[in-house]
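A short worksheet on the structure shown next.
The values are calculated or read from the model by the stated rules, or taken from the named source; none is laboratory data. Everything quoted here is computed from the prediction, not taken from an experiment. Every residue, glycine as well, gets a Cβ built from its backbone with ideal geometry; the counts of neighbours run over all protein chains shown. Note: accessible area is taken over every heavy atom of the protein model, side chains too, but ligands, DNA and RNA are not part of it. Shrake-Rupley method; radii C 1.70, N 1.55, O 1.52, S 1.80 Å.
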Amino acid sequence: MSTILVLIDHETGATKKISKQILTAARGLGDEIHAAMFGPGASNGAEVLGAFGASTVYVWNDEVVTAYATEPQVRALEAALDASGADMLLFPSDPFVTDVAARTAVRRGAGVITDAVDLTVDGDVLVATKAIFGGDMISRCAVRPGHPQFIGIKANAFTAEEAGGQPAKVVELDVEVDDAVRRAEVVEVVEQSSGDRPEMTEASVIAAGGRGLGDAEGFRLIEQLADALGGAVGASRAATDAGWYPHQHQIGQTGKTVAPQLYIGAGISGAIQHRAGMQTSQLIVAVNKDADAPIFSIADFGVVGDLHKVIPPLIEEINKRKG
Amino acid sequence: VPDTAADKHVDPDDHTVDRDRSDPVLNANDEWAIEEALRISERTPGTEIIALCMGPEQAQTTVRKALSYGLDGAIQVTDAALSGSDAAATARVLAAALSDEQFDLVIMGNQSSDARTMLVPAMLAEYLGVPALTYVKHLEIEGGVFTAHRETATGHAVVRARGPVVVSVVEAINEPRYPTFKGIMAAKKKPVAQRDLAALGVPPDEVGLDGSRTHVLDVSPRPPKEAGRTVVDDGSGQVGAEALADWLVEQKII
């Protein structure tokens, strides 16, 4: 009988969309699904994970999880793995969570695969599908037998669906805290306002802007388009280098890799370094005045035209059709 | 790493990158790590910067490129048994190469442009037994304490740790300089210490293709996309906007 442990990403107990997607995926792969939730408020969100198929949720509410980076969670994850007896771990391929999985894997001799977009099970081996070389190729990979299997899942690879299960059994973990995990102290968290927009790597829709916007002010247009579609804002390297938009929104080889349901690129020519960060998106739309821009070669729908002319009526037309 | 813009060749038998057929380049994200190290050494006289690279013989070109920015020396770990190493095996070998070094800081890019697993910095820190400050866009050092701004989805977190530490950096941290002609010439004469697995005391059967804990089952080209639809706007914006909005309805986005 196989047990899969799912490491949950949450905000004071509110489970993030990606973790619901992972629980949904896990249901088809293991006999027993356990979950682990660490940090302040974890207990508040534990029981309801039963609806997504988790039978047991291991929680640890200690504030040391938010006061110190990574290492307290490594301790807790080891305790959760011991308690559940699982040797398969699924986690969101989010940078900070990946740090936790990476350190834990070294401690437990596990093999780690990140950014899986599909998962199957072959006997007791999880087989992960992922894009490599910026999406030019697809690889199927696995952890070799005899090692715990840690697989990171990319956002939006699966659709979250409730299974209508009973409330999960909640188990409080007893995790020892000492100075060995209090090494990287979180002194301050600084949030920049991005309205009510979803996080870019979790968003189903991303509106992205590039050099063609002309200036930082041009991003107001992209923000309005993103808001009309309930999406996030992305940017090309040219735009973040110019200081028009914060770097954490940069999509491409040196920035983030995204694969939303819909990507709209405006004023982005689509150099290979940018395509490496978005070409596995399910639907790609390009708005560019240069009909020869390489982005049109991968676009499902292209508008050859001036984005400053096209986007304002586009927002109106979207709102009209929504109404 | 192989150049992103170049054609990639994967060995059909073992699914490793055919490095003989790909131009090796310095990983873009590591350029910011080199630049940050140079800035630290400029602020802190007496700082020594060593490049550490694991790779095949032809990675020597990349090591010389790194040295051309003005680093003091380099360690290159090369061994035929390393081909096909995964992130954990790579981190283990890098840690072994550092075991004899007295360091305050190991600084690296947050990701490689080929595999992009983002695992190596945290794994290396675990093997070394030191804290890691990852995804750093601003770094200060005072009295052996490293204060970093870690990039988050919505801003940053200020995180502080006493050295030695592993730091991984993102692009926003700085604007890298170009190597000077003098630097390029000097790089040719800088010492590059060559190490193999025997020298590091790492058993060859615990790294490389067969010794890594993960393996690739198969690799295939991405399925070709059907040609998309294109609408040429008439200059008013309305034609393009309406066609695109209709299509978004058709695709059930709205």
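General observations
- Between residue A:227 and residue A:163, the contour length at 0.36 nm per residue exceeds the Cα-Cα span by 20.0 nm.
- Note on residue A:289: lysines with a C-alpha under 28 Å away, same-chain residues under 8 apart excluded, are A:256, A:309, A:320, A:322, B:225, B:252.
- For the chain pair B and A, the interface hides roughly 7400 square angstrom of accessible area in total, found with a 1.4 Å probe.
- Where GluC sites (Glu not before Pro) fall in DSSP loop in region A:1-95, at most 15 other Cβ within 10 Å: A:63
- Residue pairs exceeding 21 angstrom between C-alpha atoms, taken from B:137/B:188; A:20/A:169; B:65/B:188: B:137/B:188.
- All other residues whose Cβ lies under 14 angstrom from that of residue A:120 are scored, Lys and Arg at +1 and Asp and Glu at -1, for a net of -1.
- Computed over protein heavy atoms with a 1.4 Å probe, the carbon and sulfur contribution to the accessible area of the protein assembly as shown reaches 48%.
- Exposure ranking of A:108, A:237 by accessible area [1.4 Å probe, largest first]: A:237, A:108
- Assigned charges on the beta-carbon of Lys, Arg, Asp, Glu; region A:189-287 dipole about Cα centre (debye): 380 debye
- Test item: B:186-196 mean partner chain Cβ contacts at 10 Å: 0
- q = 0.12, 0.13 Å⁻¹: log10 I(q)/I(0) that the Debye formula gives for chain B, counting C-alpha atoms only: -0.79, -0.89
- Relative packing of peptides B:41-48, A:100-107 - highest average C-beta neighbours within 10 Å first: A:100-107, B:41-48
- With protein chains left intact and a 1.4 Å probe, residues in the protein assembly as shown average 41 Å² of accessible area per residue.
- Loop GluC sites (Glu not before Pro), region A:190-296, which have at most 10 other Cβ atoms in a 10 Å radius of their Cβ (DSSP): A:217
- Angle of helix B:87-98 to the longest C-alpha principal axis of chain B, folded into 0 to 90 degrees and rounded to 10: 30°.
- Each helix, a run of at least 4 DSSP H residues, gives -39500 (n - 2.57); summed and divided by the residues of chain A, these come to -7000 deg cm²/dmol at 222 nm.
- When both bridge partners sit in region A:76-163, DSSP labels roughly 55% of those beta bridges antiparallel.
- Between region A:1-76 and region B:116-157, the Cα center-to-center distance that results, in Å: 24 Å
- Cut-off 13 Å, label 7 Å out along Cα→Cβ of residue A:272, residues of region B:1-45 by amide N: B:2-9, B:22-25
- Across peptide A:135-144, the mean count of Cβ atoms from other chains lying within 10 Å of each residue's own Cβ comes to 6.
- Two-decimal ratio, region B:177-243, of alpha-carbon radius of gyration to 2.2 N^0.38 Å: 2.50
- Cβ-placed point charges (K, R +1; D, E -1), dipole of chain B about Cα centre in debye, nearest 20: 760 debye
- Label-to-label distance, residue B:39 versus residue A:176, with points set 7 angstrom from Cα along the beta-carbon direction: 4.1 nm.
- Estimated [θ] at 222 nm from DSSP helical runs (n ≥ 4, -39500 (n - 2.57)) normalised by residues in chain B, nearest 500: -8000 deg cm²/dmol
- Chain A: relative contact order as a whole-number percent, Cα under 8 Å and 6+ apart: 15 percent
- Look at the stretch A:108-117: the mean tally of other chain Cβ atoms within 10 Å of its residues' Cβ atoms is 4.
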